[in-house]
Every structure is written in C-alpha cells, then in structure tokens.
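Values in this text are rule-based calculations from the coordinates and carry no lab data. For clarity, every value in this text was computed on a predicted model and none was experimentally measured. Counting neighbours? That spans all protein chains shown, and the Cβs are built from the backbone with ideal geometry, glycine included.
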Amino acid sequence: MDNIILWILFMIVDLSMVLIAYKLFGKNGLYAMIVMSIIVANIQVLKTVNMLGMVVTLGNVLYGSIFLATDLLNEFYGKKSAKKGVWLGFFVLILTTLYMQIALLFTPDISDFAHPLLEGLFGFFPRIVFASLVAYLLSQMHDVWAFSFWKKFTHGKHLWLRNNASTVISQLIDSVIFSVIAFLGVFPLDIFWQILLTTYLFKLFVAVIDTPFMYFAKLIKK
C-alpha cells in the first residue's frame, strides 16, 4: 500500500480511537491515550519513510493525537486536567526509558535473539526521549495555555478557532525543538531540513483534521 494512503488511514483510525477511548472510559480514556501515544510515537519516530518525495519520520500521527486528547481535557474538564495529562505522559515516558535501559544492562542468554534488536532500537532511545520530553513539555504547556486563552477570548465560542490557533504554534515549537535535539548531526543537513519541515507539516495536517473530531467529542459528552 502507498505510504501516504496508509498514513491517512492510520490518522483517521488513531483520531477515532481517541474518541472511542473517551466514549468508553471518559477522562481516564483520554489520559490512557496520551500515555500510549507518547510511548509509541517515540518508538515510531526512529523509522523514516518517503512520502510525497520527502523524508518523513513516523510518529507524527500519534504525537498529533496527543494534542487532541489534551484539548479535549481542557475543553471539558479545564486547564488543570489538561496539565495533569501532560505531566502523566512526561512521567511515564521517563519511566519507560529508565526501565528499558535497565533491561539492556542484563547479560543475554546464549538462546536470546532479541537483545541486539532491543539494543539497536532502545540504544538510541535516550536521545529521542530527551528531545521528546523537552519539546513535549514546552509545546504542550503552550497549547494548554493558548487553548484556555482563546476560549476566554471568544467567550467559549468558535471551538474550531481555539483548537487550531493553539495547536499551530504549539506544533511549531514541538517540531523545531525535537528535530534539532534528536536529529541534528545524525542525518545529513539536507535530510535534516526535510525531516524538520515534514514533521511540522504532517503534525499540522493532523491538527487541522482533528477539528471535526473535537465536535464529535462534544456530541459524545452530551
């Protein structure tokens, strides 16, 4: 299947799962999606693919859906609940990194076949996680603040405006900080700029597409 078609299908499925988790488990479902997404996104981002003739890292869909989850928390339960979701994702990602580094310290048995694979994947993981933690915390805190600001500014009207106005800048903050820390010096400069550009554009696309999902969530809330 073509990468771009697969990417679009995955985006629709993932955003839909945020709504399904909310429908089934309420606020806790949104917290669970934040935790799952930040862990898996930081694993997927290690894989690069070609889409529309450009180098793209995976993980953009899952990372983009975190903004949907935190915006829903902010919209329905307030800024405090949204910040709790941000810090929950932050804590779990640190714990995941620590536990996987401990796992790599164990001497594998002669029968083991997974250690080299885990070492290849999670050996680079701390740099990715450090980049992700810095970018995630700064961008999410900005998103929570900006969403609340636009909600007050519009007196609770124009959900589409606060959803997109808050995320456009937040995704830029996230993409620049993450790409610089994670990939500058790892890839040739021309590839690095492609990754930075596509990371922002694809996350921005997810942010725009998730607007109807915000309205669907309001129907679920009612």
Helical mean residue ellipticity (222 nm; -39500 (n - 2.57) per DSSP H run of 4+; nearest 500) of the chain: -28000 deg cm²/dmol
Separation of alpha-carbon centers, the range 191-220 and the range 70-138, rounded to whole Å: 21 Å
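Could you work out the relative contact order of the chain, using alpha carbon pairs under 8 angstrom and six or more residues apart, expressed as a whole percent? Don't skip to the end; give the middle numbers.
Numbers: 259 pairs, mean separation 53.6, N = 222.
Result for the chain is 24 percent.
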Simple Cβ-charge dipole of the range 3-221, Lys/Arg +1 and Asp/Glu -1, about Cα centre, in debye nearest 20: 1120 debye
Amide N proximity, the range 50-83 versus Ile12 label position 7 Å along Cα-to-Cβ, cut-off under 18 Å: 61-62, 65
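Find me the longest stretch of the chain that has none of the exposed chymotrypsin sites (Phe, Trp or Tyr not before Pro), where exposed means in a DSSP loop (not H, G, I, E or B) with at most 13 other Cβ atoms within 10 Å.
Numbers: sites that count: Phe106, Phe113, Phe124.
The segment 1-105 is the longest one with no such site.
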Degrees separating the helix 27-44 axis from the principal Cα axis of the chain, which is the longest one: 40 degrees
Theoretical FRET efficiency, 1/(1+(r/R0)^6), r = Cβ-Cβ of Phe91 and Val208, R0 25 Å, to 0.05: 0.25
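What pairs in Lys157/Lys203; Lys152/Lys203; Lys23/Lys47; Lys23/Lys152; Lys27/Lys79 have C-alpha atoms more than 21 Å from each other?
Lys157/Lys203; Lys152/Lys203; Lys23/Lys47; Lys23/Lys152, as the Cα separations exceed 21 Å there.
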Label zone at Thr107, where the point sits 7 Å out along the Cα-to-Cβ direction: the range 122-147 residues whose backbone N lies under 14 Å: none
Principal axis dimensions, the range 75-173 - Cα atoms, whole angstrom, descending: 64, 24, 18
Spin-label proximity, Leu121 to the range 4-19 - amide N less than 19 Å from point 7 Å beyond Cα toward beta carbon: none
